[in-house]
Amino acid sequence: MKRWSIIFAVVFVLSGVVWAADKTFQEIDRNKDGRLNMEEFDREALRVFNDNDKNHDGALNKSEFSQIKGAQSKFEDLDANKDGKVDMKELRDAAISKFNQLDQKRNNYLTDDDLKCSPRYKPEASPLYGIYF
Ligand SMILES: [Ca+2]
Ligand SMILES: [Ca+2]
Ligand SMILES: [Ca+2]
């Protein structure tokens, strides 16, 4: 019985670590103004991009892309020039269009309420994935 509770405790701690690796709204909001602008998304997206560009060729192939937990877009949709890789420019073009769709007030930032209007909104997921990936 005691051994089980130790195992559960370990699993609980590990799942907390994995979850914390997904940055939440507050962490992406670097200037702490309670809203997210495109620069803040870009910075966070670049970090995720570099983390997953395992062969360091400046692009994500399908297997690299598939490692991104929480990614909501189809690889094929992001690969605009159909070369089998997604680069930061393709990601950013797609991200800007999603950002602009949500930025109804055209003030170049998104609040938590704006993000909740997204069909891609998931309360448990990092807001990054509503815009990028
Ligand atoms: Ca901000
Ligand atoms: Ca790569
Ligand atoms: Ca491409």
> So Asp22 fits all but one of (1) within 16 Å of ligand 1 (Cβ to nearest atom); (2) modelled with pLDDT under 95; (3) under 12 Å from Phe133 (Cβ atoms); what number is the exception?
Replying inline: (1)
>> Looking for something within 16 Å of ligand 1 (Cβ to nearest atom) and either within 19 Å of Lys122 (Cβ to Cβ) or in contact (Cβ under 8 Å) with a residue 60 or more places away in the chain (or both) - is there at least one such residue anywhere in the stretch 45-56?
In response: yes
>> I'd like the residue in the stretch 93-111 that is within 14 Å of the chain's Cα centre (by Cα) and buried (at least 17 other Cβ atoms within 10 Å of the Cβ) and, out of all such residues, is farthest from ligand 2 (Cβ to nearest atom).
In response: Phe99
> Just checking, how many residues over the stretch 59-93 are closer than 25 Å to Glu39 by Cβ and either of a type in the set (D, E, K, R) or within 16 Å of ligand 1 (Cβ to nearest atom) (or both)?
Replying inline: 10
> Among Arg92, Arg120, which is on the phi < 0 side of the Ramachandran plot, basic (Lys, Arg) and modelled with pLDDT under 95?
Replying inline: Arg120
> So, in the stretch 112-131, of the ones that are in a loop (DSSP other than H, G, I, E, B) and not hydroxyl-bearing (Ser, Thr, Tyr), which residue ends up surrounded by the most Cβ atoms within 10 Å (Cβ to Cβ)?
Replying inline: Pro127
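The values are calculated or read from the model by the stated rules, or taken from the named source; none is laboratory data. Since we're looking at a predicted model, the values are computed, not measured. Cβ atoms come from the backbone with ideal geometry, glycine included; neighbour counts cover every protein chain shown.
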